[in-house]
Amino acid sequence: MTKALGMKLEDMTMLFEDGMQTMRMNYYPPCPQPELVMGLCPHSDADGLTILLQVNEVEGLQIKKAGAWVPVVPLPNAFTVNVGDILEIVTNGIYKSVEHRATVNLHNERLSIAAFFFPKVDGDMGPAPSLTPPENPAIFRRISTIDYLKAFFSRELDGKSFIDAMRTQSEDF
Ligand SMILES: O=C(O)CCC(=O)C(=O)O
Ligand SMILES: [Fe+2]
């Protein structure tokens, strides 16, 4: 990834070596009125990368592409890998975090397991120095990873509003 981005390896290893991994299991029971209910409302993940297993291969995950919701059809024995907000911040916007949501199903329960990869908690995070020379200034602010996580967990899930608040021009932080 660093090679593809023309980024210094240590800008990535400094963040993710000794990083934190968390995991969430999501259970979506069948719902008699699925058109009225959202399983998980639109959001982007706050981490670097998310590796997701759609356990029982029931459709439900959707990503937002060019303004429309597109289903991510589960493939047997395959993981879905999502870019999270931290990777968008570290790459100074070259990689974009994906907005996604989960719908519910009339007849079938659905299960997913997400593994979230975060930087180490006792450091700072922000756009990689090697990707932000003077002619390409940082578009996101640099803050301590702890403050970033506290801010994320104190907000509602609301599309990509959290990463927007991390932009240097934003006053919403
Ligand atoms: O259930 C899914 O497929 C999505 C789960 C998800 O987006 C999350 O746990 O952050
Ligand atoms: Fe997610």
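The values are calculated or read from the model by the stated rules, or taken from the named source; none is laboratory data. Bear in mind the structure is a predicted one, so any value in this text is a computation, not a measurement. All Cβ positions, even for glycine, are placed from backbone atoms using ideal geometry, and neighbour counts span all protein chains on display. Side chains included, ligands, DNA and RNA excluded: accessible areas come from the protein's heavy atoms. Shrake-Rupley method; radii C 1.70, N 1.55, O 1.52, S 1.80 Å.
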Step through the residues of region 8-17 one at a time and calculate ³J(HN,Hα) from phi using the Karplus curve (6.51 cos²θ - 1.76 cosθ + 1.60, θ = phi - 60°), rounding each to whole Hz and writing x for Gly and Pro. 5, 4, 5, 5, 8, 5, 4, 7, 9, 5
Helix-only mean residue ellipticity at 222 nm for the chain, each DSSP H run of n ≥ 4 adding -39500 (n - 2.57), per residue, nearest 500: -4500 deg cm²/dmol
The relative contact order of region 2-166, taking Cα pairs under 8 Å that sit 6 or more residues apart, comes to a percentage of 33
Out of Leu52, Leu157, Leu36, any idea which swings most in a Gaussian network model of the chain, alpha carbons joined below 10 Å? Leu36
Per-residue accessible area for Arg101 at 1.4 Å probe radius, Å² rounded to 10? 50
What are the semi-axes of the equivalent ellipsoid of region 74-143, taken as the square roots of 5 times the eigenvalues of the Cα gyration tensor, listed largest first and rounded to whole Å? 33, 13, 11
Taking the radius of gyration and the Kirkwood hydrodynamic radius from Cα positions alone, what is the Rg/Rh ratio for region 27-173, to two decimal places? 1.02
With all protein chains present and a 1.4 Å probe, how do Glu99, Glu17, Glu135, Glu88 order by accessible area, largest first? Glu135, Glu17, Glu99, Glu88
Cβ charges +1 (Lys, Arg) and -1 (Asp, Glu), total dipole of region 2-166, debye: 200
Taking amide H positions as placed in the peptide plane 1.01 Å from N, state which residues far from Val58 in sequence (5 or more) or on other chains have amide H under 5 Å from it. Leu111
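Where does region 44-107 land on the Kirkwood hydrodynamic radius, alpha-carbon pairs, in angstrom?
12.6
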Any chance you could look up the accessible area of Asp124 with a 1.4 Å probe, heavy atoms only, rounded to 10 Å²? 90
Can you give me the solvent accessible area of Val70 with a 1.4 Å probe, rounded to the nearest 10 Å²? 50
